[in-house]
Amino acid sequence: MALLLHCEGEEIGAWRAAFAAELPDLPFAHTGEAYDPEAITHAFVWQPPTGLLASLPNLKAIHSFGAGVEHLMADAELPRDIPILRLIDPGLTAGMVEFVAMETLRYHRRMPEYRELQASREWWMLPQATAAERRVGFLGMGVLSQACAEGLKPFGFELLGWSRSPKNIDGVTCSFGEDGLFEMLEQADILVCLLPLTPDTRDIVDATVLSALPEGAALINVGRGGLVVDDDLIAALETGPLAYATLDVFREEPLPVDHAYWGHPGITVTPHAAAWTLPGSAAATVAANIRRYEAGGDMIGLVDLDRGY
Ligand code: NDP
Ligand code: OXD
């Protein structure tokens, strides 16, 4: 039995130490060193190369290094007969709540406009809506959106959420399906996109969706770049109704240096940095799932391969 980590750019020492503390009896390996494929029973991976997972004959479970799993679905040789777990982790969730709260408050308190006034040395107090007058809508109402909504509640925002299946969440007006989508969009002064990237959601944020938003709306896309049609987003910023967008995720990452997003005055770009998978938190989360598996229990975050998330 052994755990294999694959995630380029990660500091392996921190992960080795974190897993050693959690699972001292489970040997740890990573793809940058020699390992015995037959010994690997659990893989903890981000963007594994095609065929890596299929090359592990005794694999019992695939643990995604992130909440999103489209990086696994992209593997044409993905073993489909063993459980795949997406990451549901307090550290990752806390990071997302901070980021979404920060950007929501920044738009709510009109900080981009104050920056513009500062640039031209103008002293103007802009009319300020109360949080109760500001409607924050979530595309996707899963683990991360629910945590973000909870984090925004104390400010008093009106909260709206849209998902695939119907939901009943205290303090959030929930909708689902196509009619529900437009009902929600029409009210979302700030739209937070936290959908997974699947065949059903790719390109979902297009001209039709953007044009349904109220005039002056802001978009925060922390889901995936492939959810948004780039040209439609830029058009909606140029001609309305969109005023601002915070984009953390992109079709191509790193975002190419000549991409129009970089220099657009209405766009804030962050480098897929909204929420981090941290050794101190995520190793415990993955270890808990491995223990559940070994005890014959149900693991948390099981991916439905047909739905793609
Ligand atoms: P969940 O699986 O918990 O939630 C996904 C939500 O999207 C659910 O509410 C689901 O509906 C909804 N959904 C999925 N497909 C559709 C559809 N076709 N129509 C309507 N709603 C749909 O995921 P998480 O909240 O944990 O994560 C969401 C995404 O956030 C990840 O997949 C990842 O892409 C992104 N992410 C980005 C990070 C970053 O740093 N930028 C960090 C972490 C995650 P239902 O509830 O009915 O199933
Ligand atoms: C994730 C991410 O999916 O970091 O967790 O994007």
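Between 187, 127, 173, whose Cα lies farthest towards the positive end of the dipole of the range 110-204 when Lys and Arg beta carbons carry +1 and Asp and Glu beta carbons carry -1, centred on the Cα centre?
127
At a temperature of 4 °C and a viscosity of 1.567 mPa s, determine how fast the range 1-133 diffuses translationally according to Stokes-Einstein, using the Kirkwood radius over alpha-carbon pairs as Rh; express D in µm²/s, rounded to the nearest whole number.
Taking Rh from Cα pairs, D becomes 72 µm²/s.
Using the Karplus equation 6.51 cos²θ - 1.76 cosθ + 1.60 (θ = phi - 60°), what ³J(HN,Hα) coupling, rounded to whole Hz, does each residue of the range 239-252 give in order, writing x for Gly and Pro?
Along the range 239-252, the couplings run 10, x, x, 6, 9, 9, 9, 9, 10, 9, 10, 9, 4, 10 Hz.
Working from the alpha-carbon coordinates of the chain, get Rg over Rh, Rh being the Kirkwood radius.
Computed over Cα atoms, the ratio is 1.01.
Going by how many other beta carbons lie within 10 Å of each one, how would you line up 121, 224, 16, 134, fewest first?
Lowest count first: 121, 16, 134, 224.
Pick from 132, 218, 29: which residue has the top mean-square fluctuation in a GNM of the chain where Cα pairs under 10 Å get a spring?
Result: 132 has the largest fluctuation of those listed.
Determine by what factor the alpha-carbon radius of gyration of the range 75-166 differs from 2.2 N^0.38 Å, reporting the quotient.
1.51
Residue-wise, which Karplus ³J(HN,Hα) couplings in Hz belong to the range 37-49, taking 6.51 cos²θ - 1.76 cosθ + 1.60, θ = phi - 60°, and x for glycine or proline?
Those phi angles translate into x, 5, 7, 7, 10, 10, 10, 10, 9, 10, 6, x, x Hz.
Within the range 120-191, list the chymotrypsin sites (Phe, Trp or Tyr not before Pro) lying in a DSSP loop whose Cβ has at most 11 other Cβ atoms in a 10 Å radius.
On the way: sites: 123, 124, 138, 155, 157, 162, 176, 182; in loops: 123, 124, 157.
Passing both the DSSP loop test and the Cβ count: 123, 124.
None of the figures in this text is laboratory data; all of them are computed from the coordinates on show. Fair warning: this is a prediction, and the values are worked out from it, not measured in the lab. Using ideal geometry, Cβ is built from the backbone for each residue, glycine included, and neighbour counts are taken over all protein chains shown.
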